[in-house]
Structures are given as structure tokens and as C-alpha cells.
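Heads up, the thing below is written out as C-alpha cells.
No lab work stands behind these numbers, since they all come straight from the coordinates. If you're wondering where the values come from, they're calculated on a predicted model, not measured in any experiment. With ideal geometry, Cβ positions are generated from the backbone for all residues, glycine too; neighbour counts draw on all protein chains shown.
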Amino acid sequence: MSGEHASVETKPSLPTLRFLTCGSVDDGKSTLVGRLLYERKLIFDDQLATLERDSRKHGAVGEEIDFALLVDGLEAEREQGITIDVAYRYFATEARAFIVADSPGHEQYTRNMATGASNADLAILLVDARKGLLTQTRRHATIASLLGIRHVVLAINKMDLVDYEQSVFDGIVADFTHAAKSLQFASVAAIPLSARYGDNVISQSDNMPWYSGPHLLAYLETVDVENAVSEQPMRFPVQWVNRMHSDFRGYAGMLVSGRLNVGDEIIVAASGRTSRVERIVAMDDDPTGAAAFESIVLTLADEIDISRGDVLCHPKQRPDVADQFAAHIIWMSDEKLLPGRSYFIKINGRSLAGSVTEIKYKLDVDNDAHIATKTLSLNEIGFCNVALGSSVAVDSYDANRATGGFILIDRFTNMTAGAGMIAFPLRRAKNIHLQAQLVSKAARSHIKHQQPAVLWFTGLSGAGKSTIANLVEMKLLERHAHTAMLDGDNIRHGLNRDLGFTDVDRVENIRRIGEVAKLMVDTGLIVLCAFISPFRAERQMARSLVGEGEFIEIFLDTPLEVCISRDPKGLYKKALAGEIKNFTGVDQAYELPTSPELHIRFMNEKPEEIADKIIRELETRNVIHG
Amino acid sequence: MGLPPHLRSLESEAVYILREVVAEFKNPVMLYSIGKDSSVMLHLAMKAFYPAKPPFPLLHVDTTWKFREMIAFRDETAARLGMDLIVHVNEEGLARGVSPFTFGSSAYTQVMKTEGLRQALDRYKFDAAFGGARRDEERSRAKERIFSHRTTAHAWDPKNQRPELWRAFNTRIRPGESMRVFPLSNWTERDVWDYVAAEKIPVVPLYFARKRPVVRRDGAHIMVDDARLPLHPGEVAEMRSIRFRTLGCYPLTGAIESEADTLEAIIEEMRLSSTSERQGRLIDFDEAASMEKKKREGYF
């Protein structure tokens, strides 16, 4: 390669095109990106040398250079010859600068494809000419459409392996046109090519005279993906409040849509407070206005209460303010999405507790059908109702990608568990307002001479939860403490008799118990709860319902063998015989508490001694007085 | 406002990332390695928090083998901008006599840079650290998130990265864990230089060609920056017009022969170059996947 990188030249006036390559595994995505970079002489000599060395070691195409190895940057990817994660590549031609997200084709890495799609304007969807449309091709088309990509290149690859036959190309195009009917693409350009030999990649191929459209690069250089974000209603989510000194209060953030000018009237979406933009502050000269996607800091004419997560907008173009909405959710975690389970939901920079209250259906990407379901597994797409702990400004994702998108975060692992796209706000919560109460929890507990608390006994069946809880309650009664007891079996005979033992029902079981415990704590009681409560997330949820220090988790850490040998209700016997399904410790997991307030290794101690130990702990914590 | 649109959008994205960290983390720090990328990142921070100062200190992990001009530039820059600067040296490594000559380049880097960095992050309990790395530099970096999670042992798990959608960065970590954050992820080498030129950002003079004393080793020009570089028998430093595309420890950083002594000349030279900037980094060649390996162990 003679070092002629004339192509690095960038014309400054054109916007960068962010595109993504997707399609099923082995359809040649990485090869195509590698070929584009190579043909545009964007691979440096030293990179090429490494590539040649790697091609001999791991390459899948014999003595030739395997371009896929250029973008498959992780060790595991080169060893297995597959793309695991999104790779970002950068190149520019005389006409345009490009950012490419090369995304994985394997189904288990679909979440990474969604990641690449979330910031892309166009998708190149690769199809192997020999195989035609596959499940994964349809899945990627669906995800691209859901994530707001409106322009698609249908790149029908490996044409060399079907003798450059037009009928093969036409057949796949017809299939795709049919499959994409329900998707929201504004433009689809079908291009026949061979990434391996460079046909129609950066120049017109002589092998397919029947194709008269542009080659891939020519198309990418000229396609208009202007999505008119500047024409959309103005949205300014406040990211950070800059309080340099007492008389400077700047609101920093990115203008995500529309235009904002100094002097504009603005309104805080959630609170309805209004003011006027006084200044847009910059290190150089203060600008008089800002356009979409500019990070700015502004000051207002009036001192009003604004914090991170508030959305400023023009008074006549306000977003909805809602604590419930319907949304498409792409699930990205190995652990299933369970309705009722509490997640952190990050939207407009704010992380709120929230949950999916109902899964309406999941999408069958093969035939666009809606399937009833109670949970969502990894890579599944569902249409759900979502409820948040407080109201936020929301737009539909179609109207605004920034204020209509959110992520769900697992409260325990902190992994990003899902991505959501808001369809519409739900209004039914509007007429339910929290009643302010005149008599407080403190006042109620004061006359009982105690601090209200939840004693949450968790552990396997047969660990001794009910036994110990009953002993503790008796001892509390002797001291004239006011208590209540919520016990697993008793609750299931009444309040929760409609619930079974599936994961979904277990979550709802604990959610209801948590809410009841909270009401009792509000009345000033010491509430003893004895439930297996196998999932950390739900114990955490119950904890979050009551005040700081009011939740005392007591882990009865009795080994499974001991529980089985005790087997007070004969349940282990049945479970081990397969007569009871979803039995904790047998065929369902118990997630160990990580930092319980009390960790009791219950082996040889007498129940009486353990109960005394708990009473002493309550004294230390001033729940009761010694 | 003379910035072309693609630089303005990169600037805006980086400013957003910088602010997101300050809004979400308790104790962030900026890794300042004195090179052009650090210079750009620091300039962006000055803009992001203006009129306030960036609310975090700078951290330089000093291997004691940096070019003298780098150290002078570092101290001058921190003073000029009024930034707090923490300089950390792995004293333990120093006491063991670890240098680029006593150890192989990879063991030396592991001790003086990676371990040094981990020590500093632990000592000050930083929960987020900005780095100036770009995805176009190296292929394992091309795969890394903008907000890249690290375990309590500072390890990176490339196979289990958090999906990163839109600008909804997941910033949640557990006590003791941390986040590495890369505001320049989407910048190219060319973007960095164009931005340096457009914003008139000061950079270390070593990037500009000048006559400097060098010896030639393993095909690379190594600058004789001080008397600590052991000369081989018969080896004599000669004066050549050289410059650096990337800056690191001087015994491990190869110079290129060049006459480019202005920004315009550098940008023109880069346009015609057929090698990547990391070619001058001797530590990258230990093995093909060496950057990924170092990163998994906590290197930036």
C-alpha cells in the first residue's frame, strides 16, 4: 500500500452519517466494514501487517486477508471467528464523515445490536444471497425499526456464490418488502454485492450489469437522513446545575431537540413554573441561541426550583408528565423481566424506582404476531405498561428519541437489563392523589413507646423462620410492645390466595406483603414477617418501602441438609420426589442475602437463645427500650 | 464559532459525558497523561464547567521516565488553568529498581503504569476516572464502552459489558467499584489535531519537528532525553529533525523523522501517512492482543 490517504480529507459542511451493520451471523458484516476501510486505503501499513499475521493464525479464508479480523478486536472474537460486541469504526471520504457500528449477528448478542442501533441514523442489513432472510435478519430489522432507524440498505451479499444471478436478488428483495410492511422504514435501498471481492462496494461491479443503482459507498455518501430534530419541539433536560457562586445559577445540559434562543419563554415540564432565558453562557462569546444536540449552559431571569432531570420546554409545546406509560421493552438480561419487580429506570438523566406492571404481549419477529406472556427473556421484545415512583416529562419515542427512551437497571447487579421506547403515557393514575395525613407515623409510635420496624425473617423452608418469629413476638408482648405477625402460609390462605409459586407470583406475593408491612409500620407497629422470600430484588423492594433503619433483615442461615432432615411439613419429601414444583432449594434458587442486619447460622443453638439475641439487637437499635 | 459541524458534535458529546460524570459520581478524577488527547480532554472540561472550574483534580501516574518537556508542560498547564494536580509514582516499583531497561517493556508497564494507577485510584478512592483514549486507536478500544465498568480489583470484563444506549449512561456501581469514562471515544487522531488547531490548544512541543538527539534501535528513533539512557558500545546520539505522534516513556517511544514544525504541517503529514499513531508505541507489540490484556488488568 502506498500511503495515499487522500480520503481522510473531510469536507466540513456535511453532517456525519452514523450507521450500523447488522444481519445474521456469517452474512459478512465485519468483512464488509473491513473491505470498505481497505478499499478506501484507511488501513495503515502496521495494521495491515498485524492483520496478515492474524489472518494466517485465525483467518477463515485461507491465504487471503480476512477482513473480519480487522474489526473483531477482542481475543475471544478472533479465536471463535465471530463478532461478540459492537465495534466502532471511523472513516471519511471527500463527501462525508462516517461512524460505523459493526454489530454482532449471533442471537445471544442481540442486545449489543440494539446498543449500536440506538445512536444510528441508517442500518445496513446484510443478507447472505444463498440463505435469504433468516430469523435473525428479521429480528434485526425489527429492532432497527423499533429503535427509530428510518433508512435501511438491504445489502444482499455473497452474490459471487449465486453466480451474480438477478433472480436470487429479486426474490430476496420481494421477501423483505413483504416482511418490512409493518416496520416503519422511510427508505429501503437494495444493493447486490460481494464484500469479499468488492463488487458494488466502492465501485460499480461488472459482474452484475442488470443492476443500475448506486454502489454502496456512493449511496452512503449521498443518502439524506435528515430527521429534522431541529424542527421538533424544544426539549432541554437539565443535566447538572452549575452553582459557581451564590449569584450564579446555570443550567447545563444538551439541547436534545428544537431550537432555543436567548429571551425565549420556558416552562419546567413537571412543575409548570415559567421563566425566560437570560443568557447562554460560553467560554468564548455568549451565543444568542442553540441548535439541537448542542451542550450548553443557560441562566434564567427568575429564580425557580430546577434540578437534574427536569425538562425545560416552550410553554406551547409541553411534553406529557406521567408516572405510568406504555412502552416497548427489549430485554437484555439473562435474568427474566418479572412484572412487579422493582428496577431503576433511568430517563432524562434521572434514576427512579419503577416496575413493569403488565406485559401486554411479546413480539414474534418471524410473523409479526403478538404472543401472550408473563415474563420477558433475554433478547425478547415486549409491549408493557410501566409505572414509576414519581412523575416525569415524557414524549413518545417516535416523537423524540431522547425524551422517549429509557433504560432499566437491575437493582442488585447494576447491569443494564433492558431498553424501553415509550409509546404513550397512561392517564389512569391522574386522579389518584396521595392524601396528606395529619397524624404522623412518629406520633403513632410515640404513644406505643417504641420505634416501628419490620423484622424480615428470610431463609429456606424449614429454616425456623416461623418458630423464631413467634418466640420473638411473645418476648415483645411480654415487654408490652405492639406487634403484628405476617406469616407465609397464613397470608397465602387469605390476601394472596390467588397466587401460586412461579417466579412471577412470588414477586407479587412479596410485593403485597411489603405494602401491608409498610401500612403497619405507618401505624407504629413492630411487624414480624416470616417468608422464604428467595429473591434479593424483592427483599430490597420491601426494604425500600419503609424508612431508613426501619427494615431489619434477619437471615436464618440453616443449611439445606438440616432443613431437609427437619422437614416439619413433609414438603421436602414431596419436592424431592418431584410432586411439588418450584420449591426453593430443590428446583428453584434461593438468593443469599448479601448484607442482612442479622445473620444467624442456625445449627446447634436453641431457638430460645436466638430469639434473645434478636431482642438484644432490637434494644441496640432502640426499637424497644431495654 | 468556527468549528465545522462534525467537530462541534464531537465537542458537544464530550461535554455531555464530562458533565454526566460530575452529576452522577461522588469523587471523579481526570487521568492526565500530558499528550494531545489529554490536552483536548482538559480543554473540553474547562468548557463543560465554565464559568466554574472543573470540579475534580488531575492525576498523572508518573513512571519517572517521561520526557522532561512533558513534565515541564504538565506543571505549567496545571498552574495556568488553576487545576489541582496529583502526581503519583509507584514508589514500591521504583524501590525494586523497575525501569524500561531492567525489565521487559510489558513488565515495566505493568508495574509502573498499571499498578501505579491502581494504587492511586485506591488511595484517593476515586469512583470515576476520565481517560483520553479513542476508539480509533486500537481494536480492543474500538469495542469498549464510553462508561466502562471496573471491578473492585480494577478489572475490565470485555465479554460482559453493559449495553450502552442513546445517551442514557448507566452509572451505577457498588462500593469499591469504579467507572472509566472516555469522553473522546468517537474522536479520530485527525479530529484531535483539527480541534487543537481550531481551538488553539497548547500541546507539548515534542509533537513539532525540531533537531533532537536520537539513537536508532530496532528500527525506531529513540530520543536521548537525559543521561539515564544506557548507550550501547559504539552508539552515538545524532541530531535529527524528528517529532512524535504519540508521547509516552521516552525509552519506549519511537520518533518519526519529520520537518513538520507547525500544526498545519502536522495535519498535512498525517494525511499522507501510511502508519497508525500507535506504531511508535513499543509496548503495544508484545503480542497481538496485548492492549486488551493490559486493559483487563486495569491499564487505561
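For the stretch A:194-247, which GluC sites (Glu not before Pro) are both in a DSSP coil and crowded by at most 14 other Cβ atoms within 10 Å? All intermediate terms of the calculation are to be shown ahead of the outcome.
On the way: sites: A:GLU221, A:GLU226, A:GLU231; in loops: A:GLU226.
Listed in order of number, the matching sites are A:GLU226.
GluC sites (Glu not before Pro) within the stretch A:506-579: which are DSSP loop residues with at most 16 other Cβ atoms inside 10 Å?
Working: sites: A:GLU508, A:GLU515, A:GLU538, A:GLU548, A:GLU550, A:GLU553, A:GLU561, A:GLU579; in loops: A:GLU548, A:GLU550, A:GLU579.
Of the GluC sites (Glu not before Pro), the ones in loops of the stretch A:506-579 whose Cβ has at most 16 other Cβ atoms within 10 Å are A:GLU548, A:GLU579.
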Please identify every one of the GluC sites (Glu not before Pro) in the stretch A:290-342 that sits in a loop by DSSP and has no more than 14 other beta carbons within 10 Å of its own beta carbon. A:GLU303
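Taking every eigenvalue of the Cα gyration tensor of the stretch A:240-279, multiplying by 5 and rooting it, what semi-axes result, largest first, whole Å? Don't jump to the answer; show the numbers that get you there.
Details: eigenvalues 66, 33, 27 Å².
After scaling each eigenvalue by five and taking roots: 18, 13, 12 Å.
Using only helices, what value at 222 nm comes out for chain B when you add -39,500 (n - 2.57) per DSSP H run of length 4 or more and divide by the total residues, to the nearest 500 deg cm²/dmol? Before the final figure, lay out each step's value.
On the way: 9 runs with 94 residues, N = 300.
Theoretical 222 nm ellipticity from helices: -9500 deg cm²/dmol.
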Ignore the peptide's own chain and count Cβ atoms of other chains within 10 Å of each Cβ in A:320-331; give me the average, rounded. 0
With the dipole of the stretch B:94-219 defined by +1 on each Lys or Arg Cβ and -1 on each Asp or Glu Cβ, the option from B:ALA198, B:ALA142, B:VAL215 whose Cα lies farthest towards the positive pole is B:VAL215
So the number of lysine pairs in the stretch A:528-626 with alpha-carbon atoms under 28 angstrom apart, 8 or more residues apart or on different chains, is 6
Report the Cα centroid-to-centroid distance between the stretch A:558-581 and the stretch B:103-141 in angstrom, as an integer. 51
The stretch A:283-362 and the stretch A:482-521: distance between their alpha carbon centers, rounded to Å: 33
If you wrap the stretch A:544-590's Cα atoms in a convex hull and average its projection over all directions, what's the area in nm²? 4.6
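Listed highest first by mean packing, meaning other Cβ atoms within 10 Å per residue, what order do A:492-502, B:242-252, B:152-162 come in?
Values: A:492-502: 12.9, B:242-252: 22.2, B:152-162: 15.4.
Listed from highest to lowest mean packing, they are B:242-252, B:152-162, A:492-502.
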Per-residue HN-Hα couplings for the stretch B:232-245, Karplus 6.51 cos²θ - 1.76 cosθ + 1.60 at θ = phi - 60°, whole Hz, x for Gly and Pro? 5, x, x, 7, 10, 5, 10, 8, 9, 7, 10, 8, 10, 8
Under a GNM of chain B (C-alpha, springs under 10 Å), which listed residue has the highest mean-square fluctuation: B:ALA237, B:ALA168, B:ALA14? B:ALA168
Give me a single rounded figure for B:188-195: the average over its residues of other chain Cβ atoms within 10 Å of their Cβ. 3
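Taking only DSSP H segments of four or more residues, each worth -39500 (n - 2.57), what value at 222 nm results for chain A once the sum is divided by all its residues, to the nearest 500 deg cm²/dmol? Can you show the working numbers first?
On the way: 16 runs with 160 residues, N = 626.
After summing the helix terms and dividing by residue count, I get -7500 deg cm²/dmol.
Per residue and in cubic angstrom, what volume does the convex hull of the Cα atoms of the stretch A:257-313 have? List each step's numbers first, then the result.
Values: hull volume 4.9 nm³, N = 57.
Hull volume normalised by residue count: 87 Å³.
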I need the Kirkwood Rh of the protein assembly as shown: take the reciprocal of the average 1/r across all distinct C-alpha pairs and report it in angstrom. 30.7
How large are Rg and Dmax for the stretch B:1-87 when calculated on the C-alpha trace, in angstrom? 13.7, 40
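For the stretch A:220-369, what is the charge dipole size about the Cα centre, in debye to the nearest 20, if Lys and Arg each add +1 at the Cβ and Asp and Glu each add -1 at the Cβ?
Values: 16 positive and 24 negative charges, 134 e Å.
Dipole size: approximately 640 debye.
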Projected onto the charge dipole of the stretch B:1-144 (unit charges on the beta-carbon of Lys, Arg, Asp and Glu, signs +1, +1, -1, -1), the Cα from B:SER99, B:LEU59, B:ALA133 with the largest positive-side position is that of B:ALA133
Relative contact order for the stretch B:81-207, counting Cα pairs under 8 Å that sit 6 or more residues apart, in percent: 25
Residues other than A:LEU376 with Cβ under 14 Å of its Cβ, Lys/Arg counted +1 and Asp/Glu -1, net out at -1
How big is the charge dipole of the protein assembly as shown about its Cα centre, in debye rounded to the nearest 20, if each Lys and Arg gets +1 on its Cβ and each Asp and Glu gets -1 on its Cβ? 2420
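For chain B, with only Lys/Arg (+1) and Asp/Glu (-1) charged at the beta-carbon, what is the dipole magnitude about the Cα centre, in debye rounded to 20?
Working: 46 positive and 43 negative charges, 138 e Å.
With only Lys, Arg, Asp and Glu charged at Cβ, the dipole is about 660 debye.
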Residue farthest toward the positive end of the dipole of chain A, with Cβ of Lys/Arg at +1 and Asp/Glu at -1: which of A:GLY132, A:PRO568, A:CYS384? A:PRO568
Along its principal axes, what span do the Cα atoms of chain B show, with the longest given first and each in whole Å? 58, 48, 37
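Looking at the protein assembly as shown, send over the antiparallel percent of its DSSP beta bridges, to the nearest 5. List each step's numbers first, then the result.
Values: 88 of 142 bridges.
Percent antiparallel among DSSP bridges in the protein assembly as shown is about 60.
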Pairs B:LYS143/B:LYS293; A:LYS131/A:LYS362; A:LYS475/A:LYS518; A:LYS131/A:LYS181: which exceed 24 Å Cα-Cα? A:LYS131/A:LYS362
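If you rank B:MET70, B:MET239 by fewest surrounding Cβ atoms within 10 Å, what's the result? Don't skip to the end; give the middle numbers.
Values: B:MET70 23, B:MET239 10.
With the fewest neighbours first, B:MET70, B:MET239 line up as B:MET239, B:MET70.
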Distance in nm between B:GLU177 and A:ASP285 label points, each 7 Å along Cα→Cβ, equals 4.7
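Give me the tail of P(r) for the stretch A:224-352 as a percent: Cα-Cα pairs with distance above 23 Å. Don't skip to the end; give the middle numbers.
Numbers: 3226 of 8256 pairs.
Result for the distance tail: 39 percent.
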